[in-house]
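Trainee: Take this structure first; my questions come after.
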Amino acid sequence: MRNRLGIAVARQAYKAYRDLLISPQWLQLAAKGASAQRLLWASTGTKDPKASVTLYISALAGPDTVNTMPEATLLAFADHGQVPNALPVDGGDCETVLDGFARGGIDAGKLAEQLQREGAEAFVESWNDLMQCIESKAHAVRAGAGG
């Protein structure tokens, strides 16, 4: 089951996204010119040193998706990455995999909440660091200009 939970959750999300794109509500909007927003996979570098650095890039490739990744992951994928199959629109085996984790005592919903909270906190921290950096440079420019 190693390195399968995130992929199963992503497949479940992709299925929900694809289901939305064929819903009568969306088709009505699309007929009036609405454009679908692509599904974003963010920061998909592999954290497990025993896993392929391109694991999530290969597993999450699919139509109407965008994938942000660390530069090292992008370069590794350019060098030797492969996409044997696009994400299945029906979610593939995601429900079976998620059921296996549930039977093993893993609450994917609770884990997802924790990861979302931690991810949001990390983005806020990065934002605050950026704002502090800009303020510091602006202060230096003002000081160099006499005030």
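So that you can scan it fast, the table gives a plain yes or no per residue for (1) part of a helix (DSSP H, G or I); (2) in contact with a helix residue (DSSP H, G or I) (Cβ under 8 Å, 6 or more places away or on another chain); (3) of a type in the set (A, V, I, L, M, F, W, C):
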position: Asp99; (1), (2), (3): yes, no, no
position: Leu111; (1), (2), (3): yes, yes, yes
position: Gln114; (1), (2), (3): yes, no, no
position: Glu118; (1), (2), (3): yes, no, no
position: Ala122; (1), (2), (3): yes, no, yes
position: Leu130; (1), (2), (3): yes, no, yes
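Trainee: Out of all the residues in region 20-51, which are under 12 Å from the mean Cα position of the chain (by Cα), surrounded by 14 or more Cβ atoms within 10 Å (Cβ to Cβ) and farther than 15 Å from Ala76 by Cα?
Mentor: Residues satisfying the conditions are Leu39, Trp41.
Trainee: Would you confirm whether any residue within region 68-76 is under 19 Å from the mean Cα position of the chain (by Cα), more than 16 Å from Asn3 (Cβ to Cβ), of a type in the set (Ser, Thr, Tyr) and not in a helix (DSSP H, G or I)?
Mentor: Yes, the conditions are met somewhere in region 68-76.
Trainee: Also: Select from region 52-99 the residues that are in contact (Cβ under 8 Å) with a residue 12 or more places away in the chain and among the polar types (S, T, N, Q) and write down the one among them that is most open to solvent (accessible area, probe 1.4 Å).
Mentor: Per the stated criteria, the residue is Gln82.
The values are calculated or read from the model by the stated rules, or taken from the named source; none is laboratory data. Note that the coordinates shown come from a computational prediction; the quantities given were computed from them, not determined experimentally. No Cβ is skipped: glycine too gets one built from the backbone with ideal geometry, and neighbour counts run over all protein chains shown. Surface areas here come from the heavy atoms of the whole protein model, side chains and all, with no ligands, DNA or RNA. Shrake-Rupley method; radii C 1.70, N 1.55, O 1.52, S 1.80 Å.
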